[in-house]
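First comes the structure, then the notes that go with it.
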Amino acid sequence: MVDKNRPTRKTSKAQRIFTGIHAFFYRLSGGKMGGRLGKSPVLLLITKGRKTGKQRTTPLFYLQDGDNLILFASNGGSATHTTWWLNLQANPQAEVELGRKKLSVTARQADAEESKRLWPLLVAMYAGYAEYQKKTTREIPLVILSPTAENLP
């Protein structure tokens, strides 16, 4: 089965280039450039590649929920999971950059009750998420990043 929503090889390369440029300017400016798109805040998620073991950085919209950060693993509505979510499933320990602040986090998928509460908040932040869910038959995971003990007061 061909996934019409899955990016082509050419598109994937362009996305990697854009992601690299975005992360570069985000870090250079401490999040002042690329730290917000519209009303959606952006963080940098740093995961360990599940196949390569290399560090991977991905700029992502997020929602603050108390001490936790909430991500939506949409992959643009593709039938397949996004690479950063597959990496977190293999190794839930990661880092995030919020402006100049770095945090160690542990990732997990939101349960049904958490998803029900968080979903409307995510869609209010970025309406495109509702369209992504309509484009795919897979249930798009909501990912909760919780700060590790060394980050808590």
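The values are calculated or read from the model by the stated rules, or taken from the named source; none is laboratory data. The model shown is predicted, which means the values in this text are computed figures rather than measured ones. As a convention, Cβ positions derive from the backbone with ideal geometry for all residues, glycine included, and neighbour counts pool all protein chains shown. Quick note on the areas: whole protein, heavy atoms, side chains included, nothing else; ligands and nucleic acids left out. Shrake-Rupley method; radii C 1.70, N 1.55, O 1.52, S 1.80 Å.
Charging the Cβ of each Asp and Glu at -1 and of each Lys and Arg at +1, and nothing else, the dipole of the chain about its Cα centre rounds to 860 debye.
I'd like the distance separating the alpha-carbon centroids of region 35-56 and region 68-139, in whole Å. First find each Cα centre; the distance between them is then 11 Å.
Site pair residue 114 and residue 134 shows an inter-label distance of 2.8 nm when each label is modelled 7 Å from Cα along Cα→Cβ. Give the shape of region 88-130 as rounded, prolate or oblate, defined through the alpha-carbon gyration tensor: a ≥ b ≥ c are the square roots of its eigenvalues, a/c under 1.5 means rounded, and otherwise the shape is prolate if a/b is larger than b/c and oblate if not. Here region 88-130 falls in the oblate category. For the chain, lysine pairs separated by 8 or more sequence positions, or belonging to different chains, with Cα-Cα distances below 17 Å total 6.
Once both labels are positioned 7 Å from their Cα atoms along Cα-to-Cβ, the gap between residue 93 and residue 16 label points is 2.7 nm.
For the chain, the per residue solvent-accessible surface stands at 60 Å², with DNA, RNA and ligands left out and a 1.4 Å probe.
Shape class of region 1-145 from the alpha-carbon gyration tensor: rounded, with the ratio a/c of largest to smallest axis under 1.5.
Summing Lys and Arg as +1 and Asp and Glu as -1 over all other residues whose Cβ lies under 12 Å from the Cβ of residue 90 gives a net charge of +4.
Electrostatic bookkeeping for residue 24 treats Lys and Arg as +1 and Asp and Glu as -1; over the other residues with beta carbon under 15 Å from its beta carbon, the sum is +4.
When the residues 71, 37 are ordered by accessible surface, computed with a 1.4 Å probe over the protein chains alone, the sequence from largest down reads 37, 71. Just to verify a number: FRET efficiency for residue 124 and residue 81, C-beta to C-beta distance, R0 = 25 Å, to 0.05? Calculated transfer efficiency: 0.55. Note that region 125-131 has calculated 3J(HN,Hα) couplings of 6, 9, 4, x, 4, 5, 5 Hz, one per residue in order, obtained from phi through the Karplus relation 6.51 cos²θ - 1.76 cosθ + 1.60 (θ = phi - 60°); glycine and proline are x. Here the Karplus relation 6.51 cos²θ - 1.76 cosθ + 1.60, evaluated at θ = phi - 60°, turns the backbone of region 28-45 into coupling constants of 4, 9, x, x, 5, 9, x, x, 7, 10, x, 9, 9, x, 10, 10, 9, 9 Hz, with x for every Gly and Pro.
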